[in-house]
Amino acid sequence: MRQVSTDVLVVGAGGAGMYAAISAARQGASVLLLDKSLVGRGGATIMAQMTVAAALGQEEPDDCATHLKDTLEAGRGLCNEDLSALLCYDGPERILEMEEWGTRWARTGDRIRQEIAPGHSRKRCCYVDFLNTGPAVAATLRRKVSELAAVRRLSNIAVVDLIIKDGRAIGAIGVNLAEGELVTCHAKAIILAAGGLTKLYERNSASSNMGGEAYALALWAGAELIDMEFVQFFPIGHLAPRLVGMDPIMWDPFRYKLGGKLLNGSFVEFVDRYGAVDSGKYTATRDIAAYAILKEVEAGRGTPHGGAYLDFRHIPEAQLRAAFGPVIDRLLANGIDLTKTPVEVGPTAHYHMGGIQVNARMETCIQGLYAAGEAVGGANGANRLSGNAITEAFVFGARAGACAGKHAKTMQENGDESGDPKLMAVALDRIASMPPRGAKRGTAPVALQAELQKLMWEKAGPFRTGEKLSQALRRIREMREQELPDLEIASQGTFNMDIQDWFELRAMLTTAEAVVTSALSRTESRGAHQREDYPNPDPLYLRNQVLRLKNGALISSWVTPVRLAAGLPRNG
Ligand SMILES: Cc1cc2nc3c(=O)[nH]c(=O)nc-3n(C[C@H](O)[C@H](O)[C@H](O)COP(=O)(O)OP(=O)(O)OC[C@H]3O[C@@H](n4cnc5c(N)ncnc54)[C@H](O)[C@@H]3O)c2cc1C
């Protein structure tokens, strides 16, 4: 087994992880940046093509307090206001820093261009032309990371467990996916920046790396999760025709710039029937649009791929081109002519508002264990504004890196722990439940993953009931306890996908159970959590739900949301 050691271990190299690595290195710490995919190319960050929200005030007067007000309003009373404030107040500095490092935000003359987006009261969302925001910021951070000698990068390493000693995080165990071998890493501080959980759902907008592993790793280590029921479903994710190399949620700006008709499978407008005035402008809110589409599909009036048509045929080509010039050509290259053909869209799992519970220093309740980016819960409450997620990744990454770097510096050298055979044995014991390679069992891990995704979509998706959630919970526990230890793992040593899939599934099942358990307990509808059996918000539930593991069982408790502290948490 290969052993490595570092001051700060960063798990996950998306926007948050790379920012955290840079920031920890600035503190003088040595950093190991691990990713199960290729560093800087694996997660949601590189897929995001739209906008980043920050109160730069370049198009019209704006300030961080107004951004915060909009964020808190969207969060429907559940935001951790310290975290929301951090996001809004540090956002502009991060955006300008990214520009210094080479990101070319779209500009008009000497002003960074900023657009309005739903829920924002000001033109606040900047971007890189054309649909290039995520790839551009990922490239900037990759370049910056590669310039820092203090940051070592390792790709193809999936972290599968953390090592905890006396309530303190001291290391991690990873699987080298290329060679099939275990790697242990001793660290003085660990940052979980392994992104969100949308892979739990059959229909999702994200990369295949979003299995919710950060949440499971945190739970197993003894940390707490918050508001796991709040999965954001984007109502008009792209379903068909095939769209290569473009963002599946790209239709949002088309919606608010141009308007577009939502039509059912019989080409009839239907959203007005579900309590919204849509009338060709597509102004219905996300929750009503998602509900209306799913209800039409349920009634047998969906499109061939199980959604609705989004139709721009009433808009002249000149107007489409004026608004989205080169994007229209990229669509044409995909065989999509918006003047002739409507596209099929439908709700899709897109982002997770819940996550690891941290304070404003990004610390969990386990000493030395930090989190950053989408893995963190609370900043966006029950509902996230568009553009806030990339800002969150930069801001929380920078903060986590700074705090973890300082923590590592204050720690005594404790080199002998890395080789502590007892600790290693305990951690290795936990992961030894993987079935032996090469034994014939019949079902591959990926097959159970597919079943889990279907189950989550059907029973814990955009619209939930107590009955469906209970069915999901029973099946998830059965899968975890009875079927996970008995799956078939191919015998090959290198690039054995069954090993990757098995460890991922192990985490997915824990995270799915956390989502479903939380969704069952919250008997109200609020923001992204919609219960058909409890259709209204209930003031009793103006609270955050905290989950932790006790003797292998998930325990839920309720706390009052963190309200804005008198002094904003600045500069670590
Ligand atoms: C298609 C799409 C479009 C989006 N558009 C926007 C937008 O326009 N504006 C906006 O603000 N937000 C947008 N978002 C959301 C935003 O992109 C994400 O919330 C944000 O980028 C998350 O950054 P992150 O660094 O926390 O996670 P990620 O960028 O997802 O990175 C997480 C990394 O962790 C790695 N990882 C996972 N598990 C492990 C493990 N066990 N061991 C090691 N590594 C692991 C993954 O491979 C990945 O590289 C979009 C998301 C998607 C999917």
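Here are some notes:
- Protein accessible area in region 435-556, 1.4 Å probe - carbon and sulfur %: 51
- Extension gain (nm, one decimal) between Ser266 and Ala149, 0.36 nm per residue minus Cα-Cα: 36.1 nm
- Counting only DSSP beta bridges whose two residues both lie in region 435-556, roughly 65 percent are antiparallel.
- Shape category assigned to region 435-556 from the gyration tensor of Cα positions, a/c cut at 1.5: prolate
- For the pair Ala240 and Arg104, label points projected 7 Å from Cα toward Cβ lie 3.9 nm apart.
- Highest-first arrangement of 216-223, 495-502, 58-65, where packing means the average Cβ count within 10 Å: 216-223, 495-502, 58-65
- Distance between the 7 Å Cα→Cβ label points at Ile116 and Glu458: 4.3 nm.
- Here is the list for region 151-257: GluC sites (Glu not before Pro) lying in DSSP coil, each with at most 16 other C-beta atoms within 10 angstrom of its C-beta, are Glu179.
- Relative contact order (%) - criterion: Cα under 8 Å, at least six apart; region: the chain: 22
- Solvent-accessible surface (1.4 Å probe) assigned to Ser556 amounts to roughly 40 Å².
- A crude spin-label estimate for the pair Ala322 and Arg441, with each label 7 Å from Cα along the Cβ direction, gives 6.1 nm.
- For Lys454, the accessible area of its heavy atoms, probed at 1.4 Å with every protein chain present, is near 90 square angstrom.
- Theoretical FRET efficiency, 1/(1+(r/R0)^6), r = Cβ-Cβ of Asp166 and Arg474, R0 35 Å, to 0.05: 0.45
- For region 99-154 versus region 189-249, the inter-centroid distance based on Cα atoms is 22 Å.
- With Cα atoms, 0 to 90° folded angle of helix 133-146 axis to the chain main axis: 20
- For the chain, the longest principal axis of the C-alpha atoms and the axis of helix 286-298 are separated by about 80°.
- Working note: 222 nm ellipticity from helices only, DSSP H runs with n ≥ 4, each -39,500 (n - 2.57), summed and divided by the residues of the chain, gives -11000 deg cm²/dmol to the nearest 500.
- The angle separating the long axis of helix 15-26 from the principal Cα axis of greatest extent in the chain is about 50 degrees.
- For the chain, accessible area per residue (1.4 Å probe, heavy atoms of protein chains only), Å²: 37
- Largest-first ordering by accessible area, 1.4 Å probe, given options Ser208, Ser557: Ser208, Ser557
The values are calculated or read from the model by the stated rules, or taken from the named source; none is laboratory data. For clarity, every value in this text was computed on a predicted model and none was experimentally measured. Don't worry about glycine lacking a Cβ; one is built from the backbone with ideal geometry, like all the others, and counts go over all protein chains shown. Surface accessibility is based on the protein's heavy atoms, side chains included, excluding ligands, DNA and RNA. Shrake-Rupley method; radii C 1.70, N 1.55, O 1.52, S 1.80 Å.
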